[in-house]
Amino acid sequence: MTRRRPPSLDPIELTVLQRRLKSVTEEMGLALLRTTRSPILNEARDFVTGLYDPQGRMLEQTEYIPILAFALQPALEHVIGYFGDDIHPGDVILHNDVFSGGNQNNDVAVFKPVFHGRRLVGWAACKGHQADIGGAVRGGYNPNAREVWQEALRIPPLKIVERGGLRRDVWDMVFANVRLPIVQADIQAQMGGCGVGERGLLEIVERFGVERLPRMVEALFERTERMLGAEFESVPDGRYEGRSTVWDDGVDADATMTIAITVSVRGRHMTIDLSGSSAQTPGFVNAPASATASALMLSLLMLVSPEIPPNAGLFRPLTIVNPPGSFLNAAFPAATTFGNTLAGPISDALFRALAPVLPERVCAGWNRALNVAVSGFDGERGRPFTDILFLALKGGSGAVHGADGYDHIGLINCAGGILAQDYEMFEVHNPHLLRRHEYLCDSAGAGRWRGGLGIESEIELRGVRMTGVVFGDGVQEEARAFGLHGGAGGARNTLTLTAPDGRVRHPASKQIVDDIPSGTVLRQVAGGGGGWGDPTARDPRAVLADVRAGVVSLEAARRDYRVAIDAAALAIDETATAALRRAAARRGSRA
């Protein structure tokens, strides 16, 4: 008897399914934007939403912040293994534990199983950065931490709603260990977002059929696998190596850690091996495996077609080797809160590895992180506050062949997701006064295509019992965003705190700053991105436009780009420019 082949799947219908899955995750995100209370979520958009199949494989997601884009699946797989068959309609599960699939303690996930009748058909999930999650320091960032318990309340898979009923004792236990009431409201908003996802996924099941949908999902996975495999096939087979450095492990300010990446390409498969990276540190400058995987994926996806749908098929043609015990896969009970911030140097190493073989795809370096979280008590409004000053940390991206870098886009792990906080809302949420926020002249790395501009911010900190937590990796001269193919590096990050009595403090890149008096002025420079290509090949008219805009000085135009501009007329001196560029070419040929 001949075996009947299953009917073929309509590719147009598959595309409709993929787009509908995407729209549901976007609807979930819109629900969070409208219902969360913390500016970290509703303004900075530090969250991700996703839909998953019954096995926990990603169907689709919306990456409001890139570092969270691949941080849900490992945690969900652990949740499924932990509960086994003890999953029921109406359950809601919390999770943040970095030693069972989580990426950062503050990034708390909410998972909701989706049932069609009595059959589990998938999962809806939201993960967002909470304003506090317990531990020794309000806000969750503790540069003095030496173990996970000094950072946060660990939440392994935990049912807070069972069969539709809130477990009040569990809920109260969790939030008795969290300082800010706003976190309860934001977790409730994430639960609501999962409800939106549940409703949308059930509509999809009804539309395509409970028996047919799994075959369509598998076809979507295979399509993504083919698309990414084709991208890898376009890279010449070989081994490519890149390195980057991280400074200050949170214990020893002079410590350096190395990220060593070897990329091996063979046909339609790529392996990224981190085996040569430094051992885990005694401080909080470590990452759990899922945070490192997210950093690699967000960087890799910048180099391939944006049309590739984000689903579990992405992981089939890719192998990540990340041995336990390195600072990129820290072992229990290490402190790891800095892990998300390691995305910058991880991207640097990957870009350096692939830049020689993909010169027109790989961008120059992005500005590294210098984050400041300020907490205290707002005396006028009578409430506590905590905010990561996203407004001030957004530097420039690296340039790429054919295009300047993005100005003031933010960290590579947050790019495109973290928006600049609205000025008025910034002052509504916080007691502070924003005194300056503008592009910084000459902050971008020079190049045929220049890097994105960095910014300068001045914020008058107003509040009672204020503490600042600095956590970054961009204050060293060597940490400036690097240029590629002759391009120059961007400006470095700087941070000062000037008290009302004139006393000036220069915090280290990883430090708790206590007893900040009200009226202290925080001045922060977020550096620019690296340039791409020889700056003397840049169109002089583009240089002139930047000079007129006030983002490149007359001196830098002459020194870096060899463009002479008349200061009075703000016009190009063609003769002088030609002479400057001929002289630069002669020096280059001799070198």
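The values are calculated or read from the model by the stated rules, or taken from the named source; none is laboratory data. These figures come from a predicted structure and were not determined experimentally. We place every Cβ from the backbone using ideal geometry, glycine too, and count neighbours over all the protein chains shown. Side chains included, ligands, DNA and RNA excluded: accessible areas come from the protein's heavy atoms. Shrake-Rupley method; radii C 1.70, N 1.55, O 1.52, S 1.80 Å.
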Within region 534-555, considering residues that are among the basic types (K, R) and assigned to a helix (DSSP H, G or I), the one farthest from A446 (Cα to Cα): R548
Does region 497-527 hold any residues that are open to solvent by less than 50 Å² (accessible area, probe 1.4 Å) and of a type in the set (A, V, I, L, M), and which are they? L497, A499, A508, I512, V513, I516, V521, L522, V525, A526
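Being without any contact (Cβ under 8 Å) to a residue 40 or more places away in the chain, assigned to a helix (DSSP H, G or I) and open to solvent by 20 Å² or more (accessible area, probe 1.4 Å) is the filter here; which residues of region 556-577 pass it?
Correct list: R558, R559, E574, T575, A576.
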So L180 fits all but one of (1) out of contact with any strand residue (DSSP E or B) (no Cβ under 9 Å at 6 or more places or on another chain); (2) at pLDDT below 95; (3) surrounded by 20 or more Cβ atoms within 10 Å (Cβ to Cβ); what number is the exception? (1)
If A253 satisfies all but one of (1) under 26 Å from the mean Cα position of the chain (by Cα); (2) part of a helix (DSSP H, G or I); (3) not aromatic (F, W, Y), what's the number of the condition it fails? (2)
Checked against (1) within 24 Å of G90 (Cβ to Cβ); (2) more than 22 Å from the chain's Cα centre (by Cα); (3) in contact (Cβ under 8 Å) with a residue 40 or more places away in the chain, R199 satisfies every condition except (3)
Pairs under 9 Å by beta carbon, first residue on the phi < 0 side of the Ramachandran plot and open to solvent by less than 10 Å² (accessible area, probe 1.4 Å) in region 277-306, partner assigned to a loop (DSSP other than H, G, I, E, B) and among the basic types (K, R), six or more apart or different chains? G283/R146; F284/R146
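Scan region 326-347 for residues that are of a type outside the set (A, V, I, L, M, F, W, C) and either in a loop (DSSP other than H, G, I, E, B) or closer than 23 Å to L21 by Cα (or both) and jot them down.
N329, P333, T336
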Candidate set from region 233-253 (those that are in contact (Cβ under 8 Å) with a residue 40 or more places away in the chain and polar (S, T, N, Q)); member that is nearest to A349 (Cα to Cα): S244
When P345 is evaluated against the numbered criteria (1) touching a Gly at 6+ places or on another chain (Cβ under 7 Å); (2) under 25 Å from G102 (Cα atoms); (3) open to solvent by less than 10 Å² (accessible area, probe 1.4 Å); (4) not aliphatic (A, V, I, L, M), which criterion, by number, is the only one it fails? (1)
Which of the residues spanning region 532-548 are touching a residue at least 40 places away in the same chain (Cβ under 8 Å) and open to solvent by 60 Å² or more (accessible area, probe 1.4 Å)? D534
Where residues in region 157-176 are out of contact with any Leu (no Cβ under 9 Å at 6 or more places or on another chain) and closer than 15 Å to V79 by Cα, which of them is surrounded by the fewest Cβ atoms within 10 Å (Cβ to Cβ)? E162
Enumerate the pairs (first residue in region 424-439 and closer than 22 Å to G454 by Cα; second residue anywhere and open to solvent by less than 90 Å² (accessible area, probe 1.4 Å) and among the polar types (S, T, N, Q)) with beta-carbon separation below 7 Å, excluding pairs fewer than 6 apart on the same chain, so at least 6 apart or on different chains. R436/S457; H437/S457
Give me a count of the residues in region 365-416 that are among the acidic types (D, E) and either part of a loop (DSSP other than H, G, I, E, B) or without any contact (Cβ under 8 Å) to a residue 40 or more places away in the chain (or both). 3
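Looking for whichever is open to solvent by 20 Å² or more (accessible area, probe 1.4 Å), touching a residue at least 12 places away in the same chain (Cβ under 8 Å) and aromatic (F, W, Y) here; the options are F47, F111, F70, F83. Which one fits?
Values: F47 fails: open to solvent by 20 Å² or more (accessible area, probe 1.4 Å); F111 fails: open to solvent by 20 Å² or more (accessible area, probe 1.4 Å); F70 fails: open to solvent by 20 Å² or more (accessible area, probe 1.4 Å).
The match here is F83.
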Looking only at region 231-242, which residues are open to solvent by 50 Å² or more (accessible area, probe 1.4 Å), closer than 26 Å to L14 by Cα and either assigned to a loop (DSSP other than H, G, I, E, B) or not charged (D, E, K, R) (or both)? S234
Considering each of T496, T536, T520 in turn, give the residue that is farther than 25 Å from H437 by Cα and hydroxyl-bearing (S, T, Y). T536
Is there a residue being open to solvent by 40 Å² or more (accessible area, probe 1.4 Å), modelled with pLDDT under 95 and either part of a loop (DSSP other than H, G, I, E, B) or over 19 Å from F221 (Cβ atoms) (or both) anywhere in region 310-325? no
Hey, among H432, H408, which residue is closer than 30 Å to G242 by Cα, in contact with a strand residue (DSSP E or B) (Cβ under 9 Å, 6 or more places away or on another chain) and not hydrophobic (A, V, I, L, M, F, W, C)? H408
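Take the conditions open to solvent by less than 20 Å² (accessible area, probe 1.4 Å) and out of contact with any Pro (no Cβ under 8 Å at 6 or more places or on another chain) and apply them to A189. Does it pass?
The answer is yes for A189.
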Specify which of the listed residues (T15, T25) is over 30 Å from D172 (Cα atoms) and of a type outside the set (A, V, I, L, M). T15
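Condition check: open to solvent by 20 Å² or more (accessible area, probe 1.4 Å), part of a loop (DSSP other than H, G, I, E, B) and not basic (K, R). Does V357 satisfy that?
Judged against the criteria, V357 is a match.
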Just name the residue that is farthest from G197 (Cα to Cα) out of those in region 129-161 that are at pLDDT 95 or above and in a strand (DSSP E or B). L158
